[in-house]
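The values are calculated or read from the model by the stated rules, or taken from the named source; none is laboratory data. Everything quoted here is computed from the prediction, not taken from an experiment. Note: ideal-geometry Cβ built from the backbone for every residue, glycine included; neighbour counts use all protein chains shown.
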Amino acid sequence: MTRKAGVGSRIKKYREDRGMTASQLAAKSGVSKSYISELENDSDNGKHPSADKLYAIAKALGVAMSDLLGRPIITDPVFKHPPSLLAFAKQAKLPQADVEMLARIQFRGEPPKTQERWEFIYQAIRNSTAMDG
């Protein structure tokens, strides 16, 4: 049975593919050379870099974090918008970004049920922006 390559193995592969030394990757990523070496050489020791360190390494290598994790990129799920929201959005001529923001709102696990409730929530959000200064 073959073991799946770990994060450290993938970091090493991408680094070598780019002709970088561990020192160069450390300098470019801001992650210590010893930590990079530890990841690369002990990729199956159960050690998992923080998201911040993994992001810095991925950015320095010019790859996505998902490439280092060996996982596909997860995109935002497609939301099915409640008909009452769509009706309110059409009536109020809301920008799509506002519709997407509202579509994520739930109270006690449920989205608002009526156009009036959507309008109330939308107005409350809009009125609260003055509080941001």
Any chance Ile74 is assigned to a loop (DSSP other than H, G, I, E, B) and within 23 Å of the chain's Cα centre (by Cα): yes
Subset of the range 100-113 [out of contact with any Leu (no Cβ under 7 Å at 6 or more places or on another chain) and of a type in the set (A, V, I, L, M)]: Met101, Ile105
Single condition Ala89 does not satisfy, out of (1) within 28 Å of the chain's Cα centre (by Cα); (2) surrounded by fewer than 15 Cβ atoms within 10 Å (Cβ to Cβ); (3) modelled with pLDDT of 85 or more: (2)
Residue list for the range 19-45, filter: outside any helix (DSSP H, G or I) and at pLDDT below 90: Asp42, Ser43, Asp44, Asn45
Check on Leu69, of a type in the set (A, V, I, L, M, F, W, C), surrounded by 10 or more Cβ atoms within 10 Å (Cβ to Cβ) and in contact (Cβ under 8 Å) with a residue 60 or more places away in the chain: yes
Some residue of the range 54-73 being in the same structural domain as Ser37 (by TED's automatic domain parsing), modelled with pLDDT of 90 or more and of a type in the set (Phe, Trp, Tyr): yes
